[in-house]
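Novice: Quick one: structure below, then a few questions.
The values are calculated or read from the model by the stated rules, or taken from the named source; none is laboratory data. Note that the coordinates shown come from a computational prediction; the quantities given were computed from them, not determined experimentally. Here Cβ is always computed from backbone atoms with ideal geometry, including for glycine, and neighbour counts include all displayed protein chains.
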Amino acid sequence: MTSPAAASEQIVREFWRLMASNDFFSVGVLLTDDFVLEWPQSDERICGRDRFALMNADYPSNGRWFFVVNRIVGGESEAVSDVSITDGVQNARAISFFSIVGGKIARLVEYWPEPTPAPENRKHLTEKIVGLFPILLLASALLVSAEPAHADEGPPAWAYPINPPDFKPPTDDGSPRHVPDSDASYTLSQVRDLFSAPDWHPGDHPPMPKVVSKGREPEVQACGFCHRADGPGGPENARLAGLPAAYIVQQMADFKSGARNNSSSQRLPTAMMIALSKAITPAEVDAAAAYFSALKPRPVMRVVETAMVPKTAVTSWHLSVVESGGREPLAGRIIEVPEDRQQFVSRDARARFIAYVPVGSIRRGESLASTGGNGKTVACGGCHGADLRGLGAIPGIAGRSPSYVVRQLYDFKHGARAGIAGAPMLPTVANLTMDDMISLAAYAASLSP
Ligand code: HEC
Ligand code: HEC
């Protein structure tokens, strides 16, 4: 028999499943006749299932709403959920307290927390929460199991960009958008549809399988939406073109089991990748793996060694040059930006990138990669192929987004990427400093894929 706590949890899970259908009236079956929703932060109360549905349907959005359930805790007649919400552009998090009466939701009290910077005056007592995603962190309920990285070495913000809380995407004015060398046109809403991959250059690739072009509603977003139609990816996700099929299948399994995560708790794209890995079928994984592995990656990266860089800001989980201009010191970072931001946000798979890297880092990386740096690391070519373009089921790292590569090295080192198949990487990363990771990523990015 199901315990009352498990039953409450089940009702809340069903609530979020129906919300994810975006048919907010369908949620009514779970609500009592005298259902009340309260938002204490804005002092608002909404009474009845119809107003609840209308309020959700009328809320300004850039497309379909998508929900990632981070955690649900069920009690006898109450339950709490922690859910991340996005329409592909706006992002929010809701902590919701449900009161359950006779198998239905009678009352919902909801808080919408906003991230705040850590105050200086208590920094001596705190450390960054890194190495674990909040799902795992909270599910374990034991903060002690989180193994924080050394305080001086949190995940670097430039490699794990987080949208600022006040980030407001432009609204769609309905006008058709264009990109170079394509007759296609899409509106802003169309290029933001999580269930459709814009296909600006159909001649560049064989027909996409459905899981790549459309995904499967409501839980599997189109691979091609995030990774682009023929898989170049962007700095906010990963290149899939040309990865070995067996490797893709393995990564999907690792995302699903929790073995692969990332070191920043607030990177929604990764949370969405993990969520869809749990809903996808083996046949869909095979179709996507066969499609992406057969594609030849094209060079998209220009690597520039420099001391000064254009000022950047985070937009949609990646860095872009700010319109107000200005320059600033690179200061031991990699700054990776789209060459043509409009082309990139239109999801043109031919978009190109500039990576600004520290002076001397490419040669330093080459030396580390080819010699192992006197035992500091292990020469990469033995496993990744002499040209670093991959070997057997081991992925290529040549010509890839250097911010992605730094994230992976950091995630391996700090335990966020812990799949069994990745064990050979552990001795490689154990003694790497952030400067080493930057040099290796700069060198790999400078090679032809
Ligand atoms: C919501 C955006 C999104 C969608 C949709 C998406 N992914 Fe991803 N994917 C990501 C992100 C983000 C990462 C991880 C980047 C990181 O670790 O920094 C990723 C990583 C991957 C990787 C690992 C790549 C590597 O080199 O290790 C694979 C494989 C992958 N995705 C396959 C897929 C497939 C197959 C689909 C479609 C069924 C898909 N993804 C849909 C965002 C997405
Ligand atoms: C002993 C073999 C071995 C050596 C040496 C090695 N790697 Fe790897 N590497 C792997 C394997 C295996 C994977 C795939 C891990 C997995 O399945 O999660 C991998 C994955 C990676 C990835 C993630 C790729 C992706 O698509 O997400 C990066 C980045 C990487 N290695 C960088 C390096 C660098 C840089 C070096 C040299 C300093 C290096 N590796 C040396 C075996 C190795």
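Novice: Residue pairs, Cβ under 6 Å, 6 or more apart or interchain, first in the range 401-429 and not assigned by TED's automatic domain parsing to the domain that holds Phe255 and near ligand 2 (Cβ under 9 Å from one of its atoms), second part of a helix (DSSP H, G or I) and among the β-branched types (Val, Ile, Thr). List them.
Specialist: Qualifying pairs under 6 Å: Leu409/Val429; Phe412/Val429.
Novice: So which of Ser320, Ser324 ends up being surrounded by 14 or more Cβ atoms within 10 Å (Cβ to Cβ) and small (Gly, Ala, Ser)?
Specialist: Criteria check complete, one pass: Ser320.
Novice: Would you tally the residues in the range 1-57 being in contact (Cβ under 8 Å) with a residue 60 or more places away in the chain and of a type in the set (A, V, I, L, M, F, W, C)?
Specialist: Total satisfying the criteria: 14.
Novice: Take the residues in the range 270-311 that are over 24 Å from Val212 (Cα atoms) and of a type in the set (A, V, I, L, M, F, W, C), then tell me which one is farthest from ligand 2 (Cβ to nearest atom).
Specialist: Filtering the range 270-311 for residues that are over 24 Å from Val212 (Cα atoms) and of a type in the set (A, V, I, L, M, F, W, C), the one farthest from ligand 2 (Cβ to nearest atom) comes out as Met308.
Novice: Scan (1) surrounded by 16 or more Cβ atoms within 10 Å (Cβ to Cβ); (2) within 27 Å of Glu114 (Cβ to Cβ); (3) touching a Phe, Trp or Tyr at 6+ places or on another chain (Cβ under 7 Å) for the single condition Gln41 breaks and write down its number.
Specialist: The failed condition is (1).
Novice: Which of the helices (runs of 4 or more DSSP H) contained wholly in the range 371-449 include at least 1 residues that are at pLDDT 95 or above, within 16 Å of ligand 1 (Cβ to nearest atom) and under 23 Å from Pro232 (Cβ atoms)?
Specialist: Fully inside the range 371-449 and qualifying: 381-384, 402-413, 434-446.
Novice: On the given criteria, is Pro232 within 16 Å of ligand 2 (Cβ to nearest atom) and under 17 Å from Val179 (Cα atoms)?
Specialist: Yes: the conditions hold for Pro232.
Novice: Among the listed residues Arg267, Arg239, Arg216, which satisfies the condition of being away from ligand 2 (no atom under 16 Å from the Cβ) and touching a residue at least 24 places away in the same chain (Cβ under 8 Å)?
Specialist: Only one candidate qualifies: Arg216.
Novice: Show me the strands (runs of 3 or more DSSP E) found entirely inside the range 266-365 where at least 2 residues are within 18 Å of the chain's Cα centre (by Cα).
Specialist: Per the criteria, 312-315, 318-321, 335-338.
Novice: Which of the following residues is surrounded by fewer than 20 Cβ atoms within 10 Å (Cβ to Cβ), at pLDDT 95 or above and either outside the structural domain of Arg267 (by TED's automatic domain parsing) or closer than 19 Å to Pro198 by Cα (or both): Pro338, Pro310, Pro297?
Specialist: On inspection, the qualifying residue turns out to be Pro310.
Novice: Consider the range 191-242. How many of its residues are hydroxyl-bearing (Ser, Thr, Tyr) and in a loop (DSSP other than H, G, I, E, B)?
Specialist: Residues that pass the stated criteria total 1.
Novice: Now, a different point. Considering only the range 223-236, state which residues are more than 6 Å from ligand 1 (Cβ to nearest atom) and without any contact (Cβ under 8 Å) to a residue 60 or more places away in the chain.
Specialist: Gly224
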